[in-house]
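A.B. asks: The structure follows.
Every read-out reported here was derived from the displayed coordinates using simple, explicitly stated rules and does not represent laboratory data. Just so we're clear, the structure is a prediction, and the values are computed from it rather than from any experiment. Because the Cβ atoms are built from the backbone with ideal geometry, glycine has one as well, and the counts that use them run over all protein chains shown.
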Amino acid sequence: MTEVQHYLSHLPDVFTTLGVLLGGFASGLVAHYLLFAVLQAFARREDSAVARSLARHLRRPSAWFFPILAVSLVLPLAMLPPRPHEVLRRIVEMSLTLAFAWGLIKTLDVLQDLVQRRYQLSSADNLRVRKLFTQLQFLKKLAASLVLFVAVGLVLMSFETVRRLGTGLLTSAGIASVIVGFAAQRSISNLLAGFQIAFTQPIRIDDVLVVEGEWGRVEEITFTYVVLSIWDERRLVLPLNYFIEKPFQNWTRNSAQILGTVFLQADYTVPVEAVRAELRRIVEGSPHWDSRVCVLHVTDAKERTLELRCLVSAANAGAVWELRCAVREQLVAFLQREYPGSLPRTRAEVAPGPGAAGAAAIGG
């Protein structure tokens, strides 16, 4: 009965502690609800992009941060023995640290939204914007990694065992650094390549590249790899070091403007000037031509055909592809319609033999 009476005597303290903790958690939820209700009302009334972005990205992290913060504030009022109180205090502190780190990482998304609203990647002349977005994406990932690393480090260092382990590692830092250096050589080289790409920018977000025989746009640049969106909706993933060590084609390095060629094989009787005039008429009627280049040359004289090269220009790679297809299709149709004899053909000369002459004399 003595033990039962002992536990019963502590029941009021337990209920008081639960009430304090639940009250603090509930007050944090109420504060979170009121804050974001005001934020959403302000976003609707003022049409504020900042308020909308804050509400979208920080709603979930703050739904944990505010209640845990309120619990940490009322925790000294809890009537707990020293050891349980210390355990609960550490749990609350670790949770608060992780929730705060989560909020900081999502704040980076808010900043990215503001930059993307200010600078449109879909604009026609977006070279400067692509430079900015490439650096922004890399720095955002780096900052998020640092925040997470520091937060996890603070949580782990709150344990005495981990602190002692850290002290031991520091005393043997020379050996450890050599081991880690060898083990992480590829990772470190990729990280350095990421810095080089972000600031020297041989490639940028939305650049058009030809890599490994594939045409695509840069969709994502991470710490370790680059994702290319191929024209047929496949994805080509390449390590960062590839773009430092190997050659590749960048069609939008300084400008998206590009030239395109169309080759035609025609008979030697083809009227070149008429074809040149038809080419001019085709490109002037096309919405894909940017009015810079439109020329036609005879670039080769082969055994049976002439090679005609049409050189046209467009604002970007997609437009020049459509323009080349239109020029090729319409010039072939023009030759079929107006000069069918100028299409490629094979000539053969048949010499009459001795028997053919005798047959002709008998017939006569």
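A.B. asks: For the pair Phe195 and Val295, how long in nm is the line joining their label points, each one 7 Å along Cα→Cβ?
C.D. replies: 4.6
A.B. asks: Determine the shape class of region 225-271: with a ≥ b ≥ c the square roots of the Cα gyration tensor eigenvalues, call it rounded for a/c under 1.5, and otherwise prolate if a/b is greater than b/c, oblate otherwise. Numbers along the way, then the final one.
C.D. replies: Numbers: a/c = 3.08, a/b = 2.50, b/c = 1.23.
Prolate, since a/c reaches 1.5 and a/b exceeds b/c.
A.B. asks: Continuing with this model, one more query. Among all the lysines, which ones have a C-alpha under 26 Å from Lys131's C-alpha, if same-chain residues fewer than 8 places away are not counted?
C.D. replies: Straight-line reach from Lys131, under 26 Å: Lys106, Lys140, Lys141, Lys246.
A.B. asks: Hey, another quick one. Using the Karplus curve 6.51 cos²θ - 1.76 cosθ + 1.60 with θ = phi - 60°, what ³J(HN,Hα) values do you get for each residue of region 88-102, in whole Hz, with x for Gly and Pro?
C.D. replies: 5, 4, 5, 4, 5, 5, 5, 5, 5, 5, 5, 5, 5, 5, 4
A.B. asks: Enumerate the amide H contacts of Trp251 below 5 Å, restricted to partners 5 or more residues apart or on another chain; note that Pro and chain-start residues carry no placed amide H.
C.D. replies: For Trp251, the qualifying residues are Val208, Leu209, Val210.
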